[in-house]
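Below you'll find the structure, written out as structure tokens, and then a few comments.
The values are calculated or read from the model by the stated rules, or taken from the named source; none is laboratory data. No experiment lies behind these values; they were computed from the predicted model shown. Positions of Cβ are backbone-derived with ideal geometry, glycine not excepted, and every protein chain shown enters the neighbour counts.
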Amino acid sequence: MRYLILGVTEARDENGSALPVGGTRLRALLAALALRAGRAAPVAELVDDVWAADPPHDAPAALQALVGRLRRVLGKDAITSTYGGYRLAAGPDEIDLYVFERLSREGAEQLDAGDPARAARTLRTALALWRGTALADLPDRDHGHALRPEGHRLAALERRIEADLRCVETGTGGGAGPNSLVPELMELAAAHPYDERFRAQLIRALRAEGRQADALAAYEDARRALADDLGADPGPELAALHRELLTPSRVRSGVPVPSVTAVPVSPGPHESSGPVVVHGNLRPRLNSFVGRERELSFIRADLTRSRLVTLTGPGGSGKTRLAEEVAAHGAQPAQTPTAPIPPTAQTAQTAPAAPAAPPAQEAPAAPAPEAGADAWIAELASVDDPADVPGAVLSALGLRETALLRDNREGQSPRTDPTGLLVEHLARRSRIRPFLLILDNCEHVIDAAATLAETLLTHCPQLRILATSREPLGVPGESVHPVGPLPADPAHRLFAERARAVRPGFDLGQEAAGDADAVAEICRRLDGQPLAIELAAARLRMLGPRQIADRLDDRFRLLTGGSRTVLPRQQTLRAVVDWSWDLLDEDERTALRQVSVFAGGWDLRAAEAVVTPGPSPAGPAPASARLSAADLIGALVDKSLVVATPTATGEMRYRLLETIHEYAGERAVEAPEIRAAAADAHTAYFLALVEQAEPLLRSGDQMPWIERLETELDNIRAALHRTLVTSPSEAEAVRLVLGMGWFWWLRNFRSEGLTWTERAVALGPEPADDGDPRFWPRMHLEMLWYFLVVESRPAGAVHDDEHHRVRMGRVADAFRSFGPRPPVSPDCSGRWPCSRPVRRSRPTR
């Protein structure tokens, strides 16, 4: 048996198969027993470990029951009873924590003995045993039990990095190179800002890359953190490193010094704060990049962990520009804004004593290894045939003509396998220096792009790919980064900067009163989408901000006239969304039309009531082949047309961005039968919800239902408006209004409730007598109207109005004479109030 407690607790049999240790308490008990490695654990200690500060009434008996359950999983001999406690029949070599501690000691001894390569391997094996937080199932992880393993892990990590650094500094090999150490140490220094060992190791790793200036900056960061936060000076190790950095001649043996000067992407002097050196086909941008600072950092971090990162989002969200900014400012893990050539590449060029093996024959156009990184973008938007994707990437890299020239020179027939040429080229280039390939606009050739990405990553281990698409590629190891709306402040700045291009001197702080509010409204109603904001700003040639905001109800007509040099589908807002619509299949289009009836979002239960697959041109599909509502909503989420957000309960809630909602509504008008069926289903669902909630609003379980109705209030209002205004239905409207009466009263929405109630009362003529099926619903509706009038109007206004008195007298007579007992009302006594003088009611406490 093996017991794993460095993460979620597991037990594995001799074949390595996990045993079903289910339940938090059961895993906590196993972790507590394994922690003691065969020693007897007193009952009191086990109770503390399993239940912490909340033990059951009869804790020993509850513990005994847990032990019995655990024995049934592990075997009856796995846990033995001792005097006053229990013991797990396992030695240290069967428990991952103690295996980790043994390997850590061995690695430390090997490091002390001068064998850093072997120490690095041993310590990596030890650290690989960690699958998460140690003793994750114990309720009190701040206890010393859990703190001790975490401390040992950090110590082992520090020794492993020390071993890798010594391999680099002595040139012995066998450890990780500085290219991978720098990003790891940056994260560790950020997580442990006062740990001088990690700070010192980061400085040494930067120096090993030849990044002297960055090493000095890292020392200054460490000094400032210690001084500002702790009032302390750097210790002897950091101080000694600083002196070495200030003395160029004191470079340790084996650390290469860069001999190639890098050139930045953008023109201007090479400053330490400038962009990274990038070779490729990235175009200098003609306007500024606004916001997204956090996204840039996150995506760079993603690229240090995953070789394929996909930026997803709706059209116009800025995916392409964000990808180009990531590449232009150093996406590769070994790069920073001033990263010179990596040491491994420099050695291949400048170290005559140990020259690298000559590379295979390179195509004539392929540049020789240079300082910096390679970043190339392949724009797939114009590719119509998925089979042309590899060729488009080959052309973007400038290799198609190169390959033809080489084949002609060598007397070979032209090769027709662009994927093979890409693999050959990228495998060579990515070994020389970091190589980032951007696959832009993959959504319409998603399968071909995914296949190519997987092939290239499999055969080119040093390659990284940054893709942009409206849905993930679905390749193993892919890291998906949704590109969300711009927050308010960056959105306002983007509008102002683009506005100055058409109205020089535009300044939100100095414009006419109300312009700042208008710009905020524009950015909010355009969902913080950069392209839409830029199109709106371009309208300042002829309109003011308030005029633009007032015309956003017709946004697709308003927001046209984008740059003539961009793709046609990016020149108008409608073209942007049309592109996404054209990529949907018929079921997805039907689902998007159907969800346009929702207002303010929806959950999966509501979707299952409203969303159904539409008719197929090929005829009705068999039931087994029809997609469920969850499948269709999931497809729209994947394609960035529906936004999914987790709620406090752990469920997902879905919504359409305002622009997509308006577009989907227009498309729904084109299919009136689909829209009508969805609207009917929407009304029926929320009518059923309201009627389910109504009696519970008058019970002790009212709070969850109040919250549920508040969450769905926009949808309920939409159903009310539909049944009262757009498609009047007296029966449904009266049921909706009666179901919402208590909610309006409890949440003090009485004025709104009165408005809806008066509309319902006016919807049809008064029934003549109780033989009319509309009679009693109408009486209840009139009674609700009475209470809302009493609560919403000044005291005395009701009984001083002759019309009101006659109207309510009729209702009172109906209930007194032959009607059923009226429902409990928001009156203090719950009785019919007309039996005594009219007065303002008070809620029941």
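Is it true that some residue in segment 525-535 is in contact with an Asp or Glu (Cβ under 8 Å, 6 or more places away or on another chain), basic (Lys, Arg) and either outside the structural domain of residue 427 (by TED's automatic domain parsing) or crowded, with 22+ Cβ neighbours inside 10 Å (or both)?
yes
Find the residue count for segment 709-729, including only residues that are under 30 Å from the mean Cα position of the chain (by Cα), farther than 14 Å from residue 749 by Cβ and surrounded by fewer than 17 Cβ atoms within 10 Å (Cβ to Cβ).
Total satisfying the criteria: 1.
If we scan segment 265-282, do we find a residue that is at pLDDT 70 or above and in a helix (DSSP H, G or I)?
So far as segment 265-282 goes, no, none of its residues is at pLDDT 70 or above and in a helix (DSSP H, G or I).
Does segment 29-42 include one or more residues that are in a loop (DSSP other than H, G, I, E, B), more than 18 Å from residue 135 (Cβ to Cβ), over 38 Å from the mean Cα position of the chain (by Cα) and at pLDDT 85 or above?
Yes, segment 29-42 contains a residue that is in a loop (DSSP other than H, G, I, E, B), more than 18 Å from residue 135 (Cβ to Cβ), over 38 Å from the mean Cα position of the chain (by Cα) and at pLDDT 85 or above.
Do we find a residue being touching an Asp or Glu at 6+ places or on another chain (Cβ under 7 Å) and over 23 Å from residue 37 (Cα atoms) anywhere in segment 113-130?
Yes, segment 113-130 contains at least one residue that is touching an Asp or Glu at 6+ places or on another chain (Cβ under 7 Å) and over 23 Å from residue 37 (Cα atoms).
Assigned to a loop (DSSP other than H, G, I, E, B), over 28 Å from residue 110 (Cβ atoms) and either among the hydroxyl-bearing types (Ser, Thr, Tyr) or within 31 Å of the chain's Cα centre (by Cα) (or both): which single residue out of 234, 193 fits that description?
Checking each option against the conditions leaves just 193.
Out of the residues in segment 463-475 that are more than 18 Å from residue 419 (Cβ to Cβ) and not basic (Lys, Arg), which is modelled with the highest pLDDT?
Going through the qualifying residues, I end up with 466.
For residue 312, work out the one condition from (1) within 16 Å of residue 465 (Cβ to Cβ); (2) modelled with pLDDT under 65 it doesn't fulfil.
Residue 312 satisfies all of (1) within 16 Å of residue 465 (Cβ to Cβ); (2) modelled with pLDDT under 65 except (2).
In the list 575, 518, 532, which residue meets the criterion of being over 19 Å from residue 494 (Cα atoms), in a helix (DSSP H, G or I), hydrophobic (A, V, I, L, M, F, W, C) and at pLDDT 75 or above?
Every option except 575 fails the conditions.
Could you please let me know if residue 448 is at pLDDT 90 or above, out of contact with any strand residue (DSSP E or B) (no Cβ under 9 Å at 6 or more places or on another chain) and buried (at least 18 other Cβ atoms within 10 Å of the Cβ)?
Taking the combined requirement at face value, the residue satisfies it.
One line per residue, one yes/no per condition, for (1) modelled with pLDDT under 80; (2) of a type in the set (S, T, N, Q); (3) surrounded by fewer than 19 Cβ atoms within 10 Å (Cβ to Cβ); (4) within 21 Å of residue 467 (Cβ to Cβ):
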| position | (1), (2), (3), (4) |
| --- | --- |
| 397 | no, no, no, yes |
| 401 | yes, no, yes, no |
| 405 | yes, no, yes, no |
| 414 | yes, no, yes, no |
| 427 | no, no, yes, yes |
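Just one of the numbered conditions (1) within 18 Å of residue 100 (Cα to Cα); (2) modelled with pLDDT of 85 or more is not true of residue 67; which one?
Among (1) within 18 Å of residue 100 (Cα to Cα); (2) modelled with pLDDT of 85 or more, residue 67 violates only (1).
Kindly list, by first and then second residue, each pair from a residue in segment 496-507 that is surrounded by fewer than 14 Cβ atoms within 10 Å (Cβ to Cβ) to a residue that is assigned to a helix (DSSP H, G or I) and among the charged types (D, E, K, R), limited to pairs with Cβ atoms under 6 Å and residues at least 6 apart or on different chains.
502/541
Pick out the one residue from 717, 708 that is closer than 23 Å to residue 603 by Cα and out of contact with any helix residue (DSSP H, G or I) (no Cβ under 8 Å at 6 or more places or on another chain).
717
When you scan segment 336-343, do you find a residue that is buried (at least 19 other Cβ atoms within 10 Å of the Cβ), under 17 Å from residue 464 (Cα atoms) and either modelled with pLDDT of 50 or more or more than 16 Å from the chain's Cα centre (by Cα) (or both), even just one?
Checked against the condition, which is being buried (at least 19 other Cβ atoms within 10 Å of the Cβ), under 17 Å from residue 464 (Cα atoms) and either modelled with pLDDT of 50 or more or more than 16 Å from the chain's Cα centre (by Cα) (or both), segment 336-343 yields at least one hit.
Residue by residue, here is whether (1) touching a Gly at 6+ places or on another chain (Cβ under 8 Å); (2) closer than 18 Å to residue 559 by Cα holds:
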{"site": "433", "(1), (2)": "yes, no"}
{"site": "439", "(1), (2)": "no, no"}
{"site": "451", "(1), (2)": "no, no"}
{"site": "457", "(1), (2)": "yes, no"}
{"site": "464", "(1), (2)": "no, no"}
{"site": "472", "(1), (2)": "no, no"}
{"site": "479", "(1), (2)": "no, no"}
{"site": "483", "(1), (2)": "yes, no"}
{"site": "521", "(1), (2)": "no, yes"}
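So the check is Cβ under 7 Å with 6+ separation or different chains; which pairs have a first residue in segment 799-814 that's closer than 12 Å to residue 786 by Cβ and a second one that's modelled with pLDDT under 65?
Going by the 7 Å Cβ cut-off, the qualifying pairs are 799/838; 804/798; 805/799; 808/834; 812/832; 812/834.
Test each condition in (1) surrounded by 17 or more Cβ atoms within 10 Å (Cβ to Cβ); (2) at pLDDT below 85; (3) charged (D, E, K, R) for residue 300 and report the one that comes out false.
Checking residue 300 against (1) surrounded by 17 or more Cβ atoms within 10 Å (Cβ to Cβ); (2) at pLDDT below 85; (3) charged (D, E, K, R), the one that fails is (2).
Residues in segment 96-112: is at least one under 30 Å from residue 59 (Cβ atoms), within 36 Å of the chain's Cα centre (by Cα) and at pLDDT below 90?
Yes, some residue in segment 96-112 is under 30 Å from residue 59 (Cβ atoms), within 36 Å of the chain's Cα centre (by Cα) and at pLDDT below 90.
Checking the condition buried (at least 24 other Cβ atoms within 10 Å of the Cβ), of a type in the set (D, E, K, R) and either at pLDDT 85 or above or in contact with a strand residue (DSSP E or B) (Cβ under 8 Å, 6 or more places away or on another chain) (or both), which residue from 131, 160, 124, 166 passes?
Only one candidate passes the filter, namely 160.
Tell me whether segment 76-98 contains one or more residues that are over 30 Å from residue 160 (Cβ atoms) and in contact (Cβ under 8 Å) with a residue 60 or more places away in the chain.
Yes - at least one qualifying residue is present in segment 76-98.
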